[in-house]
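Laboratory data are not the source of any read-out in this text; all were calculated from the coordinates shown. Everything quoted here is computed from the prediction, not taken from an experiment. Using ideal geometry, Cβ is built from the backbone for each residue, glycine included, and neighbour counts are taken over all protein chains shown.
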Amino acid sequence: ELWISLEEHQDALELIMSKYRKQMLQLLQGRKGEDAEPVLKIHQANSLEIESQIDRICEMGEAMRKAVQVDDEQFFKVQEKLAQLELENKELRELLSISKESFEVEREDLPD
């Protein structure tokens, strides 16, 4: 009788423990979902913030790219104008030199 009573008692304890384990598992799974929810919300908020910062960085990069392009265009215009002025200066110096030579030749040809 003691042996049968002990087995019944062990069966009852196993049943109680299995239900206990099942409830604890459900409780822990429910808590994990609750614990994960605030972290998930914070992660989503950080993701949105990072995404907005990336968008701002891209906009700033595009503005810088346009500024560089405008600056390059200005630089090439200045270079072109400088080349034109140098060429014009060279031609004017040649004309001046020719003019001086012809003036000196005329002076030599004139009687004293």
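Structure notes:
- Structural size metrics of the stretch 1-91, computed from C-alpha coordinates, are Rg and Dmax of 38.4, 130 Å.
- Rule-of-thumb Rg ratio for the stretch 61-112 [Cα; 2.2 N^0.38 Å; N residues]: 2.27
- For the chain: lysine pairs under 26 Å (alpha-carbon distance), excluding those fewer than 8 apart on one chain: 8
- Highest mobility in the GNM of the chain, judged by mean-square fluctuation with C-alpha springs under 10 Å and restricted to Glu88, Glu37, Glu101, is found for Glu101.
- Filtered GluC sites (Glu not before Pro), the stretch 1-75: DSSP coil and at most 10 other beta carbons within 10 Å: Glu1
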